[in-house]
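The values are calculated or read from the model by the stated rules, or taken from the named source; none is laboratory data. Keep in mind it's a predicted model, so treat the numbers as computed, not measured. A quick note on method: Cβ atoms are made from the backbone with ideal geometry, for glycine too, and the neighbour counts reach across all protein chains shown. Ligands, DNA and RNA are excluded from the accessible area calculation, which covers all protein heavy atoms including side chains. Shrake-Rupley method; radii C 1.70, N 1.55, O 1.52, S 1.80 Å.
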Amino acid sequence: MSRIAARFQVLREQGRSALIPYITAGDPQPAITVPLLHALVEAGADLLELGVPFSDPMADGPVIQAACERALKHHVSLRHVLDMVRTFRETDAETPVVLMGYLNPIEVMGYEEFAAAAEAAGVDGLLTVDLPPEEARELVDALKAHHVDPIFLSAPNSDDKRIRFMADFAAGFLYYVSFKGVTGANRLDVQSVRDKVARIRANTSLPVGVGFGIRDAETAARIAEFSDAVVVGSALVSRIAELADRPDEIVAIAPQIIAEMRAAMDAVAAAAPDRKAAVDQQ
Amino acid sequence: MVMQAKQANKVAPLTELPDARGHFGPYGGRFVAETLMEPLEELREAYERYVKDPDFQAEFDSDLAHFVGRPSPLYHAKRWSNELGGAQIYLKREDLNHTGAHKINNTVGQALLAQRMGKKRIIAETGAGQHGVASATVAARFGMECVVYMGAEDIQRQAVNVFRMRLLGAQVIAVESGSRTLKDALNEAMRDWVTNVDDTFYIIGTVAGPHPYPAMVRDFQAIIGREARAQILEQTGRLPDALIACVGGGSNAIGLFHPFLEDSDVAMYGVEAAGRGLETGQHAAPLCAGRPGVLHGNRTYLMEDQDGQIIETHSVSAGLDYPGVGPEHAWLKDCGRASYVAVTDDQALEAFHALTRTEGIMPALESSHALAYVNQLAPTLSKDQSLIVNLSGRGDKDINTVAALEGISL
């Protein structure tokens, strides 16, 4: 069983939803990234999403665009990101790490070389924003051969047929993009996300994570009521941006928002001990 | 991977591409975030339906005739041909179209499609401003809201076109991210589209982007080659020996080339911007000096560094200043059906002056790249051979650039 599947199984048994913070590797400087990943785990992260900086992050809003630009000032490449994961793994063998980014850096490295290097570094999953399942066969085969879970994005306008199609390729979990828009926008409607997650569950047995636009503890807790994972990106990255000129404080201060979310999500789980049963029935 | 796909597609005739999922050999395709998959499929279905609809075609043809001013002439540049002392040079005068370039052929087509699809708002990206002006023009013509994304850097360089777009009622939004040029404007337009997909039509200005854009824009631009083919047969009684067109994204080139693909005796030359020289790295010539990758929704040749980051390009011509190229060109290159060459800023400027002085036609700096290659090619051919050059745009927009380069303040 992959590290991701194992983690979701434990969480499901505990009736808890996973909290997955996203940071861009190398933002605002490469030395921060590994200590920050550890601090996020300490603050309550169950899985980690590590962004691979790209020069043209088309699906991202201004917050993550700026994070990519800060990281690229230090020329942080896919190979550096893999090194960071390797270093992280030296002291944390448990927490799953998912790389998130765009296809081109992987295309340039080569699918097979990337998949082998990712496995060797201790990467557990890959989410490639601009790679829909139609174009993904070859990369998915390489990833699966190296025990890296391919994670796919589903969207509000993905119909049942597409969800089943991507679920056939996917492993680990399925990521649901909570609205039509870019990361970090303020368009989240919890009820419509709840309805859509129920429909996704009718089409796949994979855990369903929800991301885009989750900016505070209250929203995280509400999404956690019905999802298997809550992904928090821009809200965390904007804390990092505020501290960009005081990097020494980032590791201590930025994870606080994750701790707040963790507490709010656990309160929901505690208040609804039958959550696991409710989720299983869906 | 590229090699496998190449062999698998080797049998498909070039004129039947792309395949059902938008591939030209290993290039093209649809590399976008999931939210855009449904609107792209909706667009593909609408396009395939209307392209066969006689009412749609009649309206498109009528607008091309009466609004754009087609057919554009095919002009025999006799003095310049004599001066170069080789092949007879024919200029396809897309510069005489309404708004001064070939761009309008495509924006009229896409605006008509947007109207049929019930979209009230159009968005566009622009580099030099030519596609932005052509989009703002059709938005005014059809009474649609229009938002144009333009790199902040380009806005400063192209103040006249920005004002032109505003006069036409478009909102021009400065893009401050990344390198603040065309590629970033395209990113930002994609972000707008993903946010407003329900009521918005994205008019991409070139034969790049996710399927069906490369095929659709090519089909709207193929009027250039169809006219040119009929005109040269009428004027000379035979097909030309070669076609020459500049290639940024490549829409004017593919528009000229496509109707000649099966004429195997007609050579094709796409001319990229070598900027300050290919050896300096300061250029915009992905086909000549880049390698395959994935950007802006398609797999194609790109200007990128060893880590797969897209690098900044340079060309004196803003319309060629783009790190990618249409996927059909990538495939025509690999197949060997078309040749891709590059000329420098200086060579393009020299051709700009030569045509202006010799024929009384001031070409756009983009088109001047094609002309600069004619300077090299024509003398190697005999006087009874002929060339068609796509004069894709007029040079009025570039006179400030030319003056500044020559140290003249207007």
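Which of the following residues is open to solvent by less than 10 Å² (accessible area, probe 1.4 Å) and in contact (Cβ under 8 Å) with a residue 40 or more places away in the chain: A:A217, A:A229? Walk me through how you get there before you give the answer.
Values: A:A217 fails: open to solvent by less than 10 Å² (accessible area, probe 1.4 Å).
After ruling out the rest, the residue left standing is A:A229.
Picking from residues in the range A:243-262 that are free of Cβ contacts under 8 Å to residues at least 60 places away in the same chain and assigned to a helix (DSSP H, G or I), the one that is surrounded by the most Cβ atoms within 10 Å (Cβ to Cβ) is A:I257. So which residues in the range A:67-79 are surrounded by 19 or more Cβ atoms within 10 Å (Cβ to Cβ) and not hydroxyl-bearing (S, T, Y), if there are any at all? Residues satisfying the conditions are A:A67, A:C68, A:R70, A:A71, A:L72, A:V76, A:L78.
For beta carbons closer than 8 Å, sequence separation of 6+ or different chains, a first residue in the range B:194-217 that is among the acidic types (D, E) and a second that is at pLDDT below 95, the qualifying pairs are B:D198/A:K180; B:D199/B:K120. When A:E112, A:E90, A:E107 are checked against the criterion of being more than 25 Å from B:D305 (Cβ to Cβ), over 17 Å from the mean Cα position of the chain (by Cα) and in a helix (DSSP H, G or I), a single residue qualifies: A:E90.
Would a scan of the range A:52-60 turn up a residue that is touching a Pro at 6+ places or on another chain (Cβ under 8 Å), touching a residue at least 40 places away in the same chain (Cβ under 8 Å) and either within 11 Å of chain B (Cβ to nearest Cβ) or outside any loop (DSSP other than H, G, I, E, B) (or both)? Taking every residue of the range A:52-60 in turn, at least one turns out to be touching a Pro at 6+ places or on another chain (Cβ under 8 Å), touching a residue at least 40 places away in the same chain (Cβ under 8 Å) and either within 11 Å of chain B (Cβ to nearest Cβ) or outside any loop (DSSP other than H, G, I, E, B) (or both).
Scanning the range A:72-101 for residues that are more than 14 Å from chain B (Cβ to nearest Cβ) and out of contact with any Asp or Glu (no Cβ under 8 Å at 6 or more places or on another chain) turns up A:M84, A:V85, A:R86, A:T87, A:F88, A:R89, A:E90, A:T91, A:D92, A:A93, A:E94.
Among the listed residues A:I32, A:I64, identify the single one that is open to solvent by less than 20 Å² (accessible area, probe 1.4 Å), away from chain B (no Cβ under 14 Å) and of a type in the set (V, I, T). Before the answer, list the steps.
On the way: A:I64 fails: away from chain B (no Cβ under 14 Å).
Checking each option against the conditions leaves just A:I32.
If you go through the range B:147-177 and pick out every residue that is under 22 Å from A:P62 (Cα atoms) and not polar (S, T, N, Q), you end up with 14. Taking the range B:295-387 and the helices (runs of 4 or more DSSP H) fully enclosed by it, the elements with 1 or more residues that are over 25 Å from A:N104 (Cα atoms) are at B:345-359, B:365-377.
Scanning the range B:193-204 for residues that are more than 9 Å from chain A (Cβ to nearest Cβ), more than 17 Å from B:G143 (Cα to Cα) and either surrounded by fewer than 24 Cβ atoms within 10 Å (Cβ to Cβ) or in contact with a Leu (Cβ under 7 Å, 6 or more places away or on another chain) (or both) yields a count of 1.
Within the range B:166-191, if we keep just the residues that are assigned to a helix (DSSP H, G or I) and closer than 18 Å to A:A66 by Cβ, the residue that is farthest from the other protein chains (Cβ to nearest Cβ) turns out to be B:A185. Please verify whether B:A140 is without any contact (Cβ under 8 Å) to a residue 60 or more places away in the chain, within 22 Å of A:S55 (Cα to Cα) and surrounded by fewer than 20 Cβ atoms within 10 Å (Cβ to Cβ), treating the condition exactly as stated. Here the answer is no, as B:A140 does not meet what is asked.
Condition check ((1) open to solvent by less than 10 Å² (accessible area, probe 1.4 Å); (2) touching an Asp or Glu at 6+ places or on another chain (Cβ under 8 Å); (3) more than 9 Å from chain B (Cβ to nearest Cβ)) across all residues:
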| position | (1), (2), (3) |
| --- | --- |
| A:I151 | yes, no, yes |
| A:S154 | yes, yes, no |
| A:S158 | yes, yes, no |
| A:A171 | no, yes, yes |
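Looking at B:L233, B:L182, B:L239, which is the one that is of a type in the set (A, V, I, L, M), open to solvent by 10 Å² or more (accessible area, probe 1.4 Å) and modelled with pLDDT under 95?
The match here is B:L182.
Could you go through the range B:352-369 and let me know if any residue there is touching a residue at least 40 places away in the same chain (Cβ under 8 Å), over 25 Å from B:A134 (Cβ atoms) and open to solvent by less than 20 Å² (accessible area, probe 1.4 Å). Within the range B:352-369, one or more residues are touching a residue at least 40 places away in the same chain (Cβ under 8 Å), over 25 Å from B:A134 (Cβ atoms) and open to solvent by less than 20 Å² (accessible area, probe 1.4 Å). Is there a residue in the range B:261-271 that is open to solvent by less than 30 Å² (accessible area, probe 1.4 Å), under 30 Å from B:M37 (Cβ atoms), touching a helix residue (DSSP H, G or I) at 6+ places or on another chain (Cβ under 8 Å) and in contact (Cβ under 8 Å) with a residue 24 or more places away in the chain? Yes - at least one qualifying residue is present in the range B:261-271. When the range B:284-327 is filtered for residues that are touching a His at 6+ places or on another chain (Cβ under 8 Å), open to solvent by 10 Å² or more (accessible area, probe 1.4 Å) and away from chain A (no Cβ under 13 Å), the ones remaining, listed by number, are B:A289, B:H314, B:D321. All of B:A46, B:A58, B:A12, B:A33 fail the test of being touching a helix residue (DSSP H, G or I) at 6+ places or on another chain (Cβ under 7 Å), open to solvent by 10 Å² or more (accessible area, probe 1.4 Å) and farther than 11 Å from B:H211 by Cβ, apart from B:A33.
Within the range A:203-212, restricting attention to residues that are more than 16 Å from A:L11 (Cα to Cα) and open to solvent by 10 Å² or more (accessible area, probe 1.4 Å), the residue that is farthest from the chain's Cα centre (by Cα) is A:N203. Given the condition within 14 Å of chain A (Cβ to nearest Cβ) and either within 27 Å of B:A189 (Cα to Cα) or part of a loop (DSSP other than H, G, I, E, B) (or both), answer yes or no: does some residue in the range B:216-229 qualify? Checked the range B:216-229: no residue is within 14 Å of chain A (Cβ to nearest Cβ) and either within 27 Å of B:A189 (Cα to Cα) or part of a loop (DSSP other than H, G, I, E, B) (or both). Counting only helices (runs of 4 or more DSSP H) that sit completely within the range B:67-165, those holding 2 or more residues that are under 21 Å from the mean Cα position of the chain (by Cα) correspond to B:103-116, B:130-142, B:152-157.
Consider A:G44 carefully, then state whether it is open to solvent by less than 10 Å² (accessible area, probe 1.4 Å) and in contact (Cβ under 8 Å) with a residue 12 or more places away in the chain. Show your work before the answer.
Numbers: open to solvent by less than 10 Å² (accessible area, probe 1.4 Å): no; in contact (Cβ under 8 Å) with a residue 12 or more places away in the chain: yes.
So A:G44 fails the test.
Look at A:G110 and say whether it is surrounded by fewer than 20 Cβ atoms within 10 Å (Cβ to Cβ) and within 12 Å of chain B (Cβ to nearest Cβ). Yes, satisfied. Of the set (1) open to solvent by 20 Å² or more (accessible area, probe 1.4 Å); (2) within 14 Å of another protein chain (Cβ to nearest Cβ); (3) over 23 Å from B:S315 (Cα atoms), all apply to B:E145 but (2). Considering the range B:21-57 alone, what residues qualify as being away from chain A (no Cβ under 13 Å), part of a loop (DSSP other than H, G, I, E, B) and out of contact with any Cys (no Cβ under 8 Å at 6 or more places or on another chain)? Residues satisfying the conditions are B:V51, B:K52, B:D53.
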